[in-house]
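Below is one structure, written out as structure tokens, with a few remarks after it.
Derivation of every value follows stated rules applied to the coordinates shown; laboratory data play no part. Owing to the predicted nature of the structure, the values given are computational and were not obtained by experimental measurement. Reconstructed Cβ throughout: ideal geometry from the backbone, glycine too, with neighbour counts over all protein chains shown.
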Amino acid sequence: MNIDAYVEKNPKVWEKFKALAHEAKASGRKYFSARTIIERIRWDTTVTEKDGTFKVGDHVSPYLGRKLMAENPEFRGFFRTKEVKRDGQENQN
């Protein structure tokens, strides 16, 4: 998945993800789940976006977590990661 292209098309998701990750970190958590953050975003948008046009797939959570950790040293290790398969090859991201 090209997470940068996704973020470019969905800046509201990225901004909300970062804000909630900062909130989780500020609460004193050593680790947190990127998927939990995405589920919270999905909940919030389902309740507030009445027309149903704003949708967030759960497949983006590991990529957003990796992106946040890569771009912000204070988040390194905050999300636990697993190996992902791409094009038949296993890669550690």
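A straight line joining the Cα centroids of region 58-75 and region 9-55 runs 12 Å. Set against the 2.2 N^0.38 Å expectation for a compact globular protein, region 12-80 has a Cα radius of gyration ratio of 1.10. Label positions at Arg40 and Thr81, each projected 7 Å from the Cα along the C-beta direction, are separated by 2.1 nm.
Legend: residue pairs Lys18/Lys67; Lys9/Lys82; Lys55/Lys82; Lys9/Lys67; Lys16/Lys82; Lys18/Lys82, Cα-Cα distance threshold 18 Å; pairs beyond threshold, Lys9/Lys82; Lys55/Lys82; Lys16/Lys82; Lys18/Lys82.
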